[in-house]
Amino acid sequence: MGNLANWAEGSHIILIIFTTGLVPSAPSPPPSIVSLPKTVSLARGERAVLECAVRHLGEGRQLVWRRGFDVLATGKTKLSPDPRISVHQKGGVSRLEISSLRDSDAGEYVCQLSLLTGLLSLQHTLDVLVRASVRALEASVTVKEGEEARLECEVQGNPNPTVSWKKQDGVLPSTASPTCAHSSCLSLTEVRRDQAGVYVCQANNGVGAPAHGRVALSVLFPPTIRVEREQVVSGPGSSLSLACLVEGNPQPLLQWYFADAKVRPSHLLGISLGRLEGKHTLTITKTSVDTFGNYSCVAKNSLGTFKKHIEVHGRPTEATFERAGSKSGPRSFQLSWKVQSFAPIHEYRLLYRSLVLMESQMQAASSDWTNVIIPGSDTFVPGEQHVRWRLDNLGEDTNYECLVQARNEFGWSQPSKMFTFTTSQKNFQSPATQGLNWAGPASSSSKPLLGSTVWLPSLLFALASMLPSSTR
């Protein structure tokens, strides 16, 4: 033991290690991101998957996902508290998933890897597509007729929607033009009453179905009145109904007048007033001679007043010739006409004359009018009267024109429109008198009156003769 100690004290141990066949190992390739930046466009509610692939990731290195300064995940560990976000990594590929996309999810997402030499990063852009939405800033717009109207919708969506306008029932007025950004406004200049209605703005950006907004346009205008008949024939014991068709906005109030007195409903007098939408009616079931006269309907709203007159009388209506009841002979012609009267017809006045063909045009001959007085029927039923009268001793193959008036105890009717006939099988109508309207007495008169833009001395002379008096 002592020898060993002495050896240790005075000796040196040299350890020689021999190695054979060993060389230094080469360094591993640096990591690189092989995925390319992408813009992912998805609709709201869908699921987005963002991928980041790294070559030579190596052990111990972690891929980090962030949005702005918020770290969402590192490696396989999710750090975001949002339950819609998840991360999946296999090898060098990491996938960030976002389900049930919201508008707020849109933005830039970065995948990065920290190295001693710096950072590797990849940026993806997430674009959340949002279906177009429309909201009318005013559900209804009211303007006066002639003013300018401006309809406006608020439009949203991603991408920005395109906007178009239409009229719900009808054609978009030619004076309408889109204005504002993205055509979200519609301007109408010098608005007319017939342009009132519902206008629709449609927004479409290709995401889902187009969206629609509606604006109701109301146009204010003063009252207007149309009457079904300006003259109404009646008779004692009959009933009558007068009608005024009223338009206006705001809705006009209407009052009936007889002469200057207001007409009020009366069960005793058989007077009733009615209204169906814009049609106002005055009905009288117990008529008499005192019922005859001028009635008026007066409509009024905040923008103005309008008045229309209707005459109620007992004279016969204007006669109407009927071709169906007419019959031609070699030297005769049977005329047929109808007239309405609630009092017995005392007589008819028939005027006729021959026509000649001159230079391819039908013209009146120089002969005077022939005046025929036809007595009324002995039997009478109030209402429509039908009359047939044959003219004899006419010229063969000759063309004629005629008109007729009727008289009862209240006066003469207006003259009928001119009627042409021929004793041959051909029928002609005088160009000089075709469509000619003869104006009769506008009110009760002691004489029948005729007026025309064509001066016919012989006709006026014939009508001026034999002027029996009348009362109403």
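Rounded to the nearest whole Hz, the Karplus-based 3J(HN,Hα) values (6.51 cos²θ - 1.76 cosθ + 1.60, θ = phi - 60°) of the stretch 377-385 follow the sequence 6, 6, 9, 9, 10, x, x, 7, 10, with x at glycine and proline. Scalar couplings 3J(HN,Hα) for the stretch 122-138, obtained by applying the Karplus form with A = 6.51, B = -1.76, C = 1.60 to θ = phi - 60°, are 9, 10, 9, 10, 9, 10, 8, 7, 10, 4, 4, 10, 10, 9, 5, 5, 9 Hz; x denotes Gly and Pro. Indicate the gyration tensor shape class of the stretch 56-95 (rounded, prolate or oblate), computed on the Cα atoms with a ≥ b ≥ c the square roots of the eigenvalues: a/c under 1.5 is rounded; otherwise a/b larger than b/c is prolate and the rest oblate. Prolate shape, in that a/c is at least 1.5 and a/b is the bigger ratio. Taking 7 Å steps out from each Cα toward its Cβ at residue 190 and residue 279 produces label points 3.4 nm apart. Taking a cut-off of 30 Å between Cα atoms, list the lysines near residue 90, but don't count ones fewer than 8 places away on the same chain. Leaving aside lysines fewer than 8 places away in the same chain, those within reach of residue 90 are 38, 76, 78.
Estimated at 0.36 nm per residue, the fully extended path between residue 43 and residue 272 surpasses their Cα-Cα distance by 75.9 nm. Packing order of peptides 161-167, 395-401, highest average first: 161-167, 395-401 (average count of other Cβ atoms within 10 Å over each peptide's residues). Each peptide in 170-176, 235-241, 209-215, 350-356 receives the mean, over its residues, of other Cβ atoms within 10 Å, and ordering these scores from highest gives 350-356, 209-215, 235-241, 170-176. Which whole-number percent of Cα pairs in the stretch 28-84 have a distance greater than 17 Å? When every Cα pair of the stretch 28-84 is considered, 53 percent fall beyond 17 Å. Can you tell me how the stretch 181-303 classifies by the Cα gyration tensor, rounded, prolate or oblate, using a/c under 1.5 as the rounded cut? Since a/c reaches 1.5 and a/b is larger than b/c, the shape of the stretch 181-303 is classed as prolate.
Calculated FRET efficiency, residue 320 to residue 368, Cβ-Cβ distance, R0 = 30 Å: about 0.75 to the nearest 0.05.
Derived scalar couplings between HN and Hα for the stretch 201-213 equal 9, 10, 10, 9, 10, x, 9, x, 6, x, 9, 10, x Hz in order, rounded to whole Hz, by the Karplus curve 6.51 cos²θ - 1.76 cosθ + 1.60 (θ = phi - 60°), x for Gly and Pro. Rounded to 0.05, the FRET efficiency of the residue 127 and residue 214 pair, given R0 = 41 Å and the Cβ-Cβ distance, is 0.85.
Using the Cβ-Cβ distance between residue 99 and residue 70 with R0 set to 22 Å, the FRET efficiency from 1/(1 + (r/R0)^6) comes to roughly 0.80. Straight-distance candidates among the lysines for linking to residue 286, with alpha-carbon spacing under 25 Å and chain neighbours fewer than 8 residues away dropped: 262, 308. Label separation (residue 119 vs residue 172): 5.0 nm, computed from points 7 Å beyond Cα along the C-beta direction.
Values quoted throughout were computed directly from the atomic coordinates according to the rules given, and no laboratory measurement underlies them. Just so it is clear, the model here is predicted, and its values are computed rather than measured. No Cβ is skipped: glycine too gets one built from the backbone with ideal geometry, and neighbour counts run over all protein chains shown.
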